[in-house]
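The structure appears below as C-alpha cells.
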Amino acid sequence: MAERTSTGLLTMMLEPTPAVAMTLPAEVREKLAELELELSEGDITQKGYEKKRGKLLAPYIPQIQGVDPSLQIDNRIQASSQAALPGSKHNKSRAANTRDERFRSDLHTEAVQAALAKYKERKMPMPSKRRSVLVQSSVEACTPPDTSSASEDEGSLRRQGRLATSTPYQGHGHPAVEHWFNRVIQGSSTSSSASSTSSHPGGRSVTTTNTSAHAALNANAAATALADLMAHTQLDNHSAPPDVTGLSERSSFHAERPQVASVRGVSRSYNHHTSVMETADGVPVNSRVSNKIQQLLNTLKRPKRPPLREFFVDDFEELLDVQQPDPNQPKPEGQQMSPLEGEPLGVVTNWPPSLPAALQRWGTTQPKSPCLTALDNAGKPVYTLTYGKLWTRSQKLAYTLLNKLSTRNEPLLMPGDRVALVFPNNDPVMFMVAFYGCLLAELVPVPIEVPLTRKDAGSQQIGFLLGSCGVTLALTTDACQKGLPKAQTGEVATFKGWPRLLWFVTDGKHVVKPPKDWHPPIREASNDIAYIEYKTSKEGSTMGITVSHSAMLAHCHALTQACGYTEAETITNVLDFKREAGLWHGVLTSVMNRMHVISIPYSLMKVNPLSWIQKVHTYKARVAVVKSRDMHWSLLAQRDQRDISLSSLRMLIVADGANPWSISSCDAFLNVFQARGLRPEVICPCASSSEAMTVAIRRPPEMGVPPPGKAVLSMGGLSHSVIRVDTEEKLSVLTVQDVGQVMPAALVCVVRVEGTPYLCQTDEVGEICVSSGSTGVAYYGLPGMTKNIFETIPVTSSGVPVSDRPFTRTSLLGFVGPDSLVFVVGKMDGLMVVSGRRHNADDVVATALAVEPMKFVYRGRIAVFSVSVLHDERIVVVAEQRPDASEEDSFQWMSRVLQAIDSIHQVGVYCLALVPANTLPKAPLGGIHISETKQRFLEGALHPCNVLMCPHTCVTNLPKPRQKQPEVGPASMIVGNLVAGKRIAQACGRDVGQLEDNDQFLYIQDVLQWRAQATPDHPLFLVLNAKGTVASTASCLQLHKRAERVATALMGRLNTGDHVALVYPPGIDLIATFYGCLYAGCVPVTVRPPHPQNLATTLPTVKMIVEVSKSVCILTTQAIMKLLKSKEAAAAVDVKSWPTVLDTDDLPRKKSSQMYKPPTPEMLAYLDFSVSTTGILAGVKMSHAATSALCRSIKLQCELYPSRQIAICLDPYCGLGFALWCLCSVYSGHQSILVPPLELESNASLWLAAVSQYKVRVTFCSYSVMEMCTKGLGSQTEALRLRNVNLSCVRTCMVVAEERPRIALTQSFSKIFKDLGLSPRAVSTTFGCRVNVAICLQPNRLGKLVEQGTAGPDPTTVYVDMRALRHDRVRLVERGSPHSLPLMESGKILPGVKVIIANTETKGPLGDSHLGEIWVSSPHNATGYYTVYGEEALHADHFNTKLSFGDTQTVWARTGYLGFLRRTELTDASGERHDALYVVGSLDETLELRGMRYHPIDIETSVIRSHKSIAECAVFTWTNLLVVVVELEGSEQEALDLVALVTNVVLEEHYLIVGVVVVVDPGVIPINSRGEKQRMHLRDGFLADQLDPIYVAYNM
C-alpha cells in the first residue's frame, strides 16, 4: 500500500545500517510507489512485484556477512510485502508539542509479522472442495474495482497498523525508532526461534535458542507460511507464550501438567510414508486414509485442554464450565474519576434565536452570499446555492407542503408531522432546501437513504422506523423518483416493511410561490422536535433519534465556539450530509455562520480520491470535514498531488477520530502532505455519536490548548477494561490519539458499561456519558430504551448521583487522559465479550488487515462480529477475497489471520469465512453492513467460498467429560435399586394359551398341506401391480400345487439339508418356491434380486449372500437368470462361479414323491440374511419350532383369522417383512394383499388406494414407504379424496423397523392423511432385530371395544432428558422442557416374549430408570448366526446369555439395542398395567464421545433442523473426531454456509465439537431396504475418499 513505509522494517532487517532508508534516491522511491499501486490495483502479480522491487532495491542493500544479497531482499519482502518507502522527510527533533512526523504506522504490521514468526511452519489440512464450487459464483465479482461501490466505509480502510511509541504520552520527546525496536526484539527473540518437539506423549523436549536480535529477525522472515494452530510452542522465557485457545495460562502450568495426546491412536513420531495407522483403541490398522485426513490427524495430535481447575462437577445436571476469573488479571487501581466540565458557552450578542431565524437573516440581508456548492462526478461545480435562493426555495416548499397537499379537503400535513427526506448523496442542494423547507413549515424531517432495490440491506428496518414515526409523505428529487423501483401501476413500489408513502418531488415545477401575505412562522428554539436522525444498532434494528430545536441550536453554538467558526468561512465537506458530522457541520452550523460549504459527493470520491484536497486548494477552504478513509484514499493517488497546497486549512476535522485506525491515517497523511503546506497542528480528530452528537473535538491550535496526546495501551489490559500504558508484550499494544477536549458547556463522565452506572476509576475504560443541552433527546417511540440511554444517572461508588441532570450514554468506550484530553478506544457496537474479556471488533479488523491486505482482501472489506454459541460470544471474521485469489492463498491467509489475532488479542477466532468480492451486504456509503452480514451468517445465506472453523481452540466452556466410575457390581446395583424403590426392568407379553386346531402343527409346511385339503379354494395371497390391478393370486390349493412342482424339480437334483438361494421379485413365485424347498427338505435363503439399472452395487450383495449361505443352487425367474449371466453382470462379479441356476417359470407337472418330514422341530427351517445398520451382513438360523412359534405369537397379537384381510407393503426378504409375507397367511389362514414397495416409486398412492379399496383393517409398511407417501402425496390428499380413497377403515397401521420409532415421520403421516379419515391412533410401530425378528407389535385391540372408541392401549410417548440419556440414565421430563427428547414405545410385547434390560458391561439386570441393552427370551428367538467363517463362538453369547446376578437360569438373547422399560398408566385387555418397551438405538452405532454415549439420530435430527437445504444427515466418529455428513438439496453455493450452522447446532444442543463437516450430493448417504442409514458404509467411503464431496471442512 503506497503509504506504508518500510523504514521500520529496513531498520529491523539491517540493524547495523539504519541510514539506508534515508539514502534511497527520490526516483527509486517514486518507482516503488508506482509498483505498490500497480500491485494494489491488481495490474501486476505478487511475483512480478517482488521481482521488480528486488531489482530496484538491490543496489542499496549492503550485504550481511555470508548471506547472499538476493536472499536478503527476498527475506525483507516476505516479512512485509506491504511496505513502501517513506517520503523524504528526515527525522528532525522538534518541539514537544508538534506532532511526531516520522511515519511509524506499520508498527501494527510489524507486530503481526512478529506474531506470525512465533509459529513454526506446520501443515494444516486444507479443506477440500469440488471443482465446480471453486468457480466464482458472484456475477458482480468481475466488476472492475472502480465501478464497484464496495470500497467505502471505515470497513474498507486498510489500516496499516497502530502506532506505538515507547513513551506513554506524546509530550516527552521520542527516542529513535531503532531503539524501540531493539527493545521489542530482545524481549521476544526467544519466541521467534523457539521450537517445541516432542517424541512421545507426556515427555517434552523444548529447544530454545536465544539469539541476538538479527538472527531472530531472519527467523521472522521464515514465518510467512502456514503454521499449525494446534501446536503449542513451549517457551523457556518467562512471559507466557501466545496461547492458541485464548485461555492465557501461566507458564507454571506447563511445567506441572505433562501433555497427554488425546488422540490416543496417533503416535507422536508419526511417519508420513507409512500407511499403517492406529485406531482409537491403539490397534494398528492398514487403512486407505486420504492425505488430507492424515494431515488433520497430525494437527490434532496435541489438542489443547483447559486446566482442570476450571471445571466443577455438578451432581446431575452437566453444567457448562464457568470460566473462573484469572487471579492475575489486571484490576483498576486509580482514584474514582471526577466529571469533566467543558468551558462555558460564550455569549454572542447577535446570536440568532433559532436556526430558521438565522436562515431568514442571511437570506434577506446577504442573499448573494454562497451557501453550498455542489459538484458533479467530474469534480466540476454544477450549482452554487446562495443564501437568498435557499431562503426563497425553502419558503416555497414550506408553503406547498402545508397548503397544496390535501386528502379529502383535509390538509395532508399538520405542523409536527414527520416527513421522510429521500435524497441521493450527490444532490446536497435539493436536500438542504427540503430540510429547511420542513423546518420552516414546522414539519419534522426524517432523512433516510435512497432505497435502491426492494431488498436493500437494512431497508426493512428503515421501513419500521418510518412506520413508527407515522411518516406518510416522502420528499425526493425528480431524478431520484424516476430511478426508484416501480410497481406495475407506475407508482413507486412499496418496499418490504415500509408504510404506504406518498412521494412528492420537490423540484421547482412542483412547488408554488407563496402569496405575499404568507410568512413562515419563525419562533425561538423550543423543545419541540426539529428533526429525527436514524441510527442502526448492533443488532440491525433502526432507531430514530429525536433532536429538539433548542438542542440543534445549542449544538451549532457549541461547534461554532469549539471550532472557532467565523462568518463566511469556506468549508469542504466530504461526509454524508444527511446525518452525524456531515449534517452538523455542513448543513446546520454552516447556515448559522453563513459559511460556504463545498460538498464532495461520495461518487466523486470513488472516481477521484484526491478531489477533496483539490477543492481545498481551489477554494482556499479554511476547514475540511473528512473521515480517516478519505485521507487514506487520497494517499493512494499520490501521483496527481504535484501542485496542491493545503496551507489555507486551519482545521482538518477527522470525524471518526475515535476509530482505532484513524491515528495511522492521520500520521500517514501528514507525512505526505506536510510538504504541501499542511500544518501538523491543524489535524483535529473528534468523537461523536448519534445520541450525544459531538462529544469532544481537538481545538484548533490558536485556542491555546494543550498539545495532542498519544497513548500506547496494552491490549491485554484493555480486554479487562484497564488502562496499562507500559506493556511487557510489545506485540499487543493499541496506540490511540486523543479526540481533544470536551465540548463547551458539557459535563462528561465515564461509567461502568454493565449494571449500575458507577463512575469508573481513572485507569479504567468505561462508557463516556455526556450531560449538555446539545444532545439528542430520545429514541422516537421507544420510551424504555430512551430512559436507559438518554436519562442515565451516573453515581459515585457510594451511590450518590454525580449531578442532578440526566446524562446521555454515547456508546463510546474510553477514558480521560492527562490534560483532560478524551481518549476513545472503541464503540459499544463493536464490543465482543469473550469469556469475560472485552475485544473491539475494529481492533480485530485492524489485525486481520495487517496480514498482507493488498494481496488478498478485496478493498480491505472485512467484517468482524460475535455470535452467541453455547452461552458465550464467539468471534466471526468475514472477508471479501480478491477475484483472482487461489485456494492456497485463501487458506494461507486464513491460517495467518488466526495466528495473528491469537497472538495480538489472545483470543481465538471461532469462524473465518471468505466470500467472493463484492458480495457482502453494503451500508449506504459502501461500507459493510455488519448486522445484515451477521444475519446472513446465522441464516446460512452468506454463501462463502472458503470457511475455516476453529471450535476446538476457542470453545473452552464445554461440560466436564464424564469420568466412568469404577464399575459398581451388578449385585450392588440390584440392592441400590431396591433401596431406591425402583423395580427391576423386565416385562413380558401374555402367556401363549392353549393350542387351537392348527397350533398342533410344529412345521409350517404341514399347515399348508392341511389347508390345501381343508379349504382348497380359500384365497391366501393377492399381489398388486403398479396400476393397482391384481397381478396374481393364490388359493391354498394353488400354492400347494406350485410348491409341489418346485419340490419335485429339486428332489432329483439336491440332497436333504442343502441350502437354496431364492432370487425372486416380490410375488407368489417367491412364496411357492419357499414352500417347495421345505417340501423337498432343503433350506431356503431369500435374496433380493439385483437391480438391472444398478448391477455394480446390487449384484455383489447377491453374490455375497449366495456364497456366505453356502447355497448349492439358485432358483429364480428366466429374466433374472439372464441378468445373472449377462455381460453387464460379468463386469461386477465373476459369473462363472455361480452355483447351478434353475428357472422355475415352466416346471413340469409331475406327481410328487413322498414329502420330506424333518426328524425334529429343532432342525433348520430357513436362513434369514440381512444387512444390519452397521453394514454387516448377518444370517440367522430359524428352526421349524421357532418359525411356528413366531407365527403363533403374531396370530395371537394381531388376532388373525381366515376371515380377515391384511395389506402388506414390505420387502419380503428378511425379518418381519419375510414372516408376514411368506409365513403368517399360511399359518393363520387370513388373506394377504401384497403390495411390492418398489411399485410405489411409479405410483405413490398404490398402497393407500389398496387399503381403501379392500377396506383393510390391519396394514404393515416400512418407514421408507411411509416417507414416500408423505413426500409424494402430501399435497395430493384432495385429489385422493376425489378418487374415493378413504382410510377410516384402518384400525392399525404398523411400521416394521429395527430402530427407534421415527416419531416425526409417523406424526406427519398421521396429520397428512387425517383428511382421508385415518384415525390419529392408528399408526404404531413394531420392533425386531437379528436375534428375534418380532419382539413388539402394537395392534389396537379389535372387536366390540372399537365401536365405543376404547380400543387397546395407544402407543405412549414419553419425553426424556437427552443429557441424562448420554449417561445411560432415563429421566422423564415434561413435553417442551429444554433438552427433552420424545420417544414412542416400540409396540406391545408379543405373547410368549420376555424382555429384560441389562447392563452392557456387567451383564447385571438394571432398574427402570436406566438405559441398557434389551435382552429377549422367547420360543421364536433365532438359534444363532449362520456365517461361513465359523465365528459362531464369537456370537454365541448373542443367542444364549445368562444374567450375572439375579435370575441366572433363564437363557436370553442379546438384541444389540439399547432401551428401557416403563410401566405406563394404560391397562391392557386383562386389566394389567401395560409395560412399554422404548428402543433408543443400536449399541453398535452409539458414539462414545467425551465419556458419554450419543445416539447418531439425535445429532442428525439437530443438524437437519439447522438449515432448510439439508436433506439428510449422517454422523459417525473417526479416531475421536465427530464427522458430520450432510446432503445438500439446493445450489452448491450454499455448501459452505452449512459448515458453521452444523457446528453451532451440535455445540449448542449436544455440547460436542464437530471435527469434520462433509457436504455431499443428495442420495450419497447409503440406506438399506428398511430405510435405515448405513453409517458404517458411509464411514468406509469417507476414509477411502470415495464420496466425491462438494466440500470437506476440517474444524480446527
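Between A58 and W351, what is the label-to-label distance in nm when each label sits 7 Å out along the Cα-to-Cβ direction? Inter-label distance under the simple model: 6.9 nm.
The phi-based Karplus calculation (6.51 cos²θ - 1.76 cosθ + 1.60; θ = phi - 60°) puts the 3J(HN,Hα) values of segment 536-550 at 9, 7, 4, 7, x, 7, 10, 10, x, 9, 8, 10, 7, 4, 5 Hz, whole numbers, x for Gly and Pro. Compared with the direct C-alpha span, the chain from K51 to V382 gains 114.5 nm at full extension, assuming 0.36 nm per residue. Taken along the Cα-to-beta-carbon direction at a fixed 7 Å, the label points for E1199 and K509 span 8.7 nm. Note on N403 and T1101: the model spin-label points, each 7 Å out from Cα along the C-beta direction, lie 8.7 nm apart.
Of the trypsin sites (Lys or Arg not before Pro) in segment 441-508, the ones in a loop by DSSP (not H, G, I, E or B) with at most 16 other beta carbons within 10 Å are R454, K455, K496, R500. Quick one: Karplus J couplings for segment 487-496, per residue in order, coefficients 6.51, -1.76, 1.60, θ = phi - 60°, nearest Hz, x for Gly and Pro? Those phi angles translate into 7, 4, 6, x, 7, 5, 5, 7, 7, 4 Hz.
The length gained on full extension between M414 and N1025, counted as 0.36 nm times the residue separation minus their Cα-Cα distance, comes to 212.3 nm.
Quick check on segment 370-474: take the gyration tensor over C-alpha atoms, sort the square-rooted eigenvalues as a ≥ b ≥ c, and tell me if it's rounded (a/c under 1.5), prolate or oblate. Here segment 370-474 falls in the oblate category.
From the alpha carbon centroid of segment 353-371 to that of segment 1158-1205 is 101 Å.
Classified by the C-alpha gyration tensor, segment 1191-1310 has a prolate form. Its axis ratio a/c, with a ≥ b ≥ c, is 1.5 or above, and a/b is larger than b/c. The amide H of V915, built 1.01 Å from its N in the peptide plane, has A879, E880, Q881, C945 as neighbours under 5 Å, considering only residues 5 or more places off or on other chains. Can you list the residues of segment 1266-1302 with backbone N under 20 Å from a point 7 Å past the Cα of T1356, pointing along Cα to Cβ? From segment 1266-1302, the list is 1300-1302.
Taking a ≥ b ≥ c as the square roots of the Cα gyration tensor eigenvalues, segment 654-701 comes out oblate, since a/c reaches at least 1.5 and a/b does not exceed b/c. Which pairs break 32 Å Cα to Cα here: K51/K710; K1150/K1195; K1136/K1271; K578/K934; K960/K1403? Over 32 Å apart, Cα to Cα: K51/K710; K1150/K1195; K1136/K1271. Electrostatic bookkeeping for S1137 treats Lys and Arg as +1 and Asp and Glu as -1; over the other residues with beta carbon under 10 Å from its beta carbon, the sum is 0.
For segment 1070-1094 versus segment 729-803, the spacing of their alpha-carbon centroids is 84 Å. In whole Å, what is the distance between the alpha-carbon centres of segment 911-960 and segment 587-638? The distance from the Cα centre of segment 911-960 to that of segment 587-638 comes to 34 Å.
In the structure shown, the pairs K482/K516; K368/K615; K1041/K1157; K389/K516; K509/K606 are assessed against 23 Å; a Cα-Cα span above that value is assigned to K482/K516; K509/K606. For segment 827-946, the relative contact order comes to 23 percent (Cα pairs under 8 Å, sequence separation of at least 6). Legend: calculated FRET efficiency, V1112 to Q1276, from the Cβ-Cβ distance at R0 = 41 Å, rounded to 0.05, equals 0.25.
Any read-out appearing in this document is the output of simple, stated calculations on the displayed coordinates, not a laboratory observation. Everything quoted here is computed from the prediction, not taken from an experiment. Virtual Cβ from ideal backbone geometry, glycine too; neighbours counted across all protein chains shown.
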